[in-house]
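Okay, so here's the structure we're looking at.
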Amino acid sequence: AGLYWDSSTCEPCPAFTYSPTNSTECEQCPDGATSRPGSASCDCFPGLYKMGEVCVECEGNTFSKTGSYSCTDCPTDSTVSSDHTYCTCNNGALWDSLRNLCPLQNTSDGHHSRT
């Protein structure tokens, strides 16, 4: 996979193309997707997810990372970016993208708050 037959040798498919099975030609990645040389598939850009052979935009308060097969809901008390690639915590805290949460903030009176 990721290779094509070039009359006498197998060659890696160039970037932005792929070959799921070794064949005589490489296929172009769909709009909104990329691949590295020698790839067997393409990955959708952040903000998009793969549905079948096409890349679809995330909707609502959802985001995605490169190569996603679905969109993920932003955590409670957060807002998605306009390109659906990250979330912003409404309380000013930094969004924890690994755990997909907005950490608690200390308030001026020492209590914790999500807002």
**Relative packing of peptides 23-31, 68-76 - highest average C-beta neighbours within 10 Å first** = 68-76, 23-31
**Asked** Which whole-number percent is the relative contact order of the chain (Cα, under 8 Å, 6+ apart)?
**Response** 15
**Message:** Please compute the modelled spin-label separation between Thr66 and Leu94, points set 7 Å along Cα→Cβ, answer in nm with one decimal.
**Reply:** 2.1
**Message:** Report the gain in length on full extension from Asp77 to Asp6: 0.36 nm times residue separation, minus Cα-Cα distance, nm rounded to one decimal.
**Reply:** 20.2 nm
**Complete:** FRET efficiency for Ala15 and Glu59 from the Cβ-Cβ distance with R0 = 30 Å, rounded to 0.05, comes out at 0.55
**Message:** Please compute the volume of the convex hull spanned by the alpha-carbon atoms of the chain and report it per residue in Å³.
**Reply:** 93
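Quick note: the coordinates plus some simple rules give every number you see, no bench work behind them. As the structure is a prediction and not an experimental result, all values here were calculated from the model. Cβ atoms come from the backbone with ideal geometry, glycine included; neighbour counts cover every protein chain shown.
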